[in-house]
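The values are calculated or read from the model by the stated rules, or taken from the named source; none is laboratory data. Keep in mind that what you see is a predicted model, and the values were worked out from it rather than measured. All Cβ positions, glycine included, derive from the backbone under ideal geometry; neighbour counts span all protein chains shown. These area figures cover heavy atoms from the full protein model, side chains too; ligands, DNA and RNA do not enter into them. Shrake-Rupley method; radii C 1.70, N 1.55, O 1.52, S 1.80 Å.
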Amino acid sequence: MRKSEFLEVPLTEFGRARSGDGVDNKDMIKVLVAYAGKHGGTREIAEVVGEELRAAGFAVDVRDAGEVDSVTEYAAVVVGSALYYARWRPEAVRLLERNTEALRARPVWLFHSGPCGPGANLTRVSLPARVTLLAAAIDAGRTETFGGRLDPALAGGVLEKLMARGSRVGDFRDWDRIRAWARDIGRRVHSRVPI
Ligand SMILES: Cc1cc2nc3c(=O)[nH]c(=O)nc-3n(C[C@H](O)[C@H](O)[C@H](O)COP(=O)(O)O)c2cc1C
């Protein structure tokens, strides 16, 4: 199925949540938010995206991209990676590579987090070449760039310590923008406007 055909298929055709935690969520549409990073900054973005999607009425799994084998149980998928040396983390790239066909059949949103320092939130970073090809194969929409976080206390190794200095140090994640983006995804899935 092409993504354009998503509009024609009832959401009920996709996986629905099984009940768990004593909550009867069997009628909720499942959404996956997968993330890849090194120091937790991208995971926290994914968690906030997940929070907003839950508030919008979806059953959301927020999972480490490296632990996702299949996406077929989800009606929509969000994949985010930290940027390191202008690249995506390998776990996120592998998720896209291994699930290209299934992702092509679902609405998919991509984001990456990285820019730090003054102007971090005005910066739009292009997808790395490999991910550009995968995004085209998946027919994903435009990738969102979110500011990142550089904390010298978390820096391991010489290069990370060199990066985590000066005006780049700090938390440049714009939570309002991240939440607004997630709410927009929720609206689009509900209203069947994929991307
Ligand atoms: C060694 C190193 C290289 C980085 N390279 C980039 C980069 O190429 N582009 C970018 O926007 N951010 C870059 N960053 C910033 C990280 O993407 C940012 O700190 C991000 O929030 C890290 O996410 P994480 O905590 O999930 O690992 C780099 C950071 C480090 C420490």
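At a glance:
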item	result
Residue tally, condition part of a loop (DSSP other than H, G, I, E, B) and either away from the ligand (no atom under 16 Å from the Cβ) or in contact (Cβ under 8 Å) with a residue 24 or more places away in the chain (or both), over the range 85-99	3
Members of the range 19-38 that are farther than 21 Å from L96 by Cα and either within 16 Å of the ligand (Cβ to nearest atom) or modelled with pLDDT of 90 or more (or both)	I29
Subset of the range 138-151 (residues that are in a loop (DSSP other than H, G, I, E, B) and either under 17 Å from the mean Cα position of the chain (by Cα) or more than 10 Å from the ligand (Cβ to nearest atom) (or both))	D139, A140, G141, R142, T143, G147, G148
Selection from the range 154-195 of residues that are assigned to a helix (DSSP H, G or I) and more than 17 Å from the chain's Cα centre (by Cα)	G157, V158, L159, E160, K161, L162, M163, G166, S167, R168, H190, S191
Check on V60, modelled with pLDDT of 95 or more, open to solvent by less than 30 Å² (accessible area, probe 1.4 Å), away from the ligand (no atom under 16 Å from the Cβ) and assigned to a strand (DSSP E or B)	yes
Any chance E73 is charged (D, E, K, R) and assigned to a helix (DSSP H, G or I)	no
Cβ-Cβ under 6 Å pairs, at least 6 apart or on other chains, the range 157-177 side within 16 Å of G119 (Cβ to Cβ), far side among the aliphatic types (A, V, I, L, M) and not in a loop (DSSP other than H, G, I, E, B)	R168/L150; V169/L150; F172/A120
Count - residues of the range 152-190 that are within 12 Å of the ligand (Cβ to nearest atom) and of a type in the set (K, R)	4
Number of positions in the range 33-57 that are within 15 Å of D151 (Cβ to Cβ), in a helix (DSSP H, G or I) and open to solvent by 40 Å² or more (accessible area, probe 1.4 Å)	2
Residue match in the range 107-119 (condition: open to solvent by 50 Å² or more (accessible area, probe 1.4 Å), within 14 Å of the ligand (Cβ to nearest atom) and either in a loop (DSSP other than H, G, I, E, B) or among the charged types (D, E, K, R) (or both))	yes
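Table: residues versus (1) at pLDDT below 95; (2) under 25 Å from R165 (Cα atoms); (3) assigned to a strand (DSSP E or B).
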| residue | (1), (2), (3) |
| --- | --- |
| L83 | no, yes, yes |
| E101 | no, no, no |
| N121 | yes, yes, no |
| V131 | no, no, no |
| A136 | no, no, no |
